[in-house]
Amino acid sequence: MKRLFALLIAVVMAGSLIACSTQSGTGSAQVSANAGANAKKVLLIRKKEGGGDPFIISHLKKQGYQVMDIVDVDFTVEKAKGYGVIYVSESVNSSKIDTKLKSSSVPFVVAKNQIASEAGLVGMQQFGQVEGVKTINILDSKHPLAAGLKDTVAIYKEDGKISYGLHPGKEAVTIAEYPVSGDNKKVTIFGYEKGSKNINNEVVPARQVYFSMPTGEENKLTDNGWKLFDAAMEWAAANGGK
């Protein structure tokens, strides 16, 4: 009788443990699902009127993103809460962007040179633009930001304009350069991993990416140009993941 009673207690305890384990697993799955959902939520900062932002918004939606766009003057870092990634259009007025952007816990992709400089991705005034360009050179083909591409890549269907940063910080991952610069000075795609240090030796609180996307050039992008853009958004949104 005692043995039977002990056996019944063991069965009950085992059932309780299994139930707890199942609940725990469900909780973990829910956390992962929530993280995945946030990664597909984009807060896009744009200027009040004009620009090529509708091309970007349309493309992001086709990639499965939920996109909320906000005018530069109305943006604050606090409004990015709950989003997976911030995209700062080249169309914005840099003087109207919240200066706390560089300390945002939400990762961002920035296409505006001045914002990249003010956020510490490159030094002050260490940026520029070049016209009459169709290709860029991939410097680190193994990094996710390279989208599996390598060597010389045509990003435009016809000659267009590119933006670049000069000499990103030593802890930046440099992905692509303007091909005739010769010394990797004019970098068109680069990023900082969460926890790394920017050009000002400040710890980066979330992944931050610079991506060349001058206003008005969006409709010239090739499939490979869009692949690189998608890789920038995905890598930033993963924010320390793979």
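Numbers for the structure displayed
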{"item": "Cα Rg over Rh - the stretch 175-235, Kirkwood", "result": "1.02"}
{"item": "Long-range Cα-Cα pairs in the stretch 52-157 (distance over 16 Å), rounded percent", "result": "68"}
{"item": "Whole-number accessible area per residue in Å² for the stretch 123-242, which is evaluated in the context of all protein chains at 1.4 Å", "result": "45"}
{"item": "Gain in span if fully extended, K48 to K61, counting 0.36 nm per residue against the direct Cα distance", "result": "2.7 nm"}
{"item": "FRET efficiency for M68 and N200, using Cβ-Cβ distance with R0 set to 30 Å, rounded to 0.05", "result": "0.50"}
{"item": "G160 long-range amide H proximity, modeled H, under 5 Å", "result": "G132, V133, K134"}
{"item": "Cα pair distances in the stretch 114-182, grouped into 5 Å bins until the bin that holds the longest one, percent each", "result": "3, 17, 23, 24, 22, 10, 1"}
{"item": "S103 accessible area, assembled protein chains, probe 1.4 Å, Å²", "result": "80"}
{"item": "Most to least packed among 75-81, 87-93 [average Cβ atoms within 10 Å]", "result": "87-93, 75-81"}
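The values are calculated or read from the model by the stated rules, or taken from the named source; none is laboratory data. All values derive from a computational prediction rather than experimental measurement. No Cβ is skipped: glycine too gets one built from the backbone with ideal geometry, and neighbour counts run over all protein chains shown. Ligands, DNA and RNA are excluded from the accessible area calculation, which covers all protein heavy atoms including side chains. Shrake-Rupley method; radii C 1.70, N 1.55, O 1.52, S 1.80 Å.
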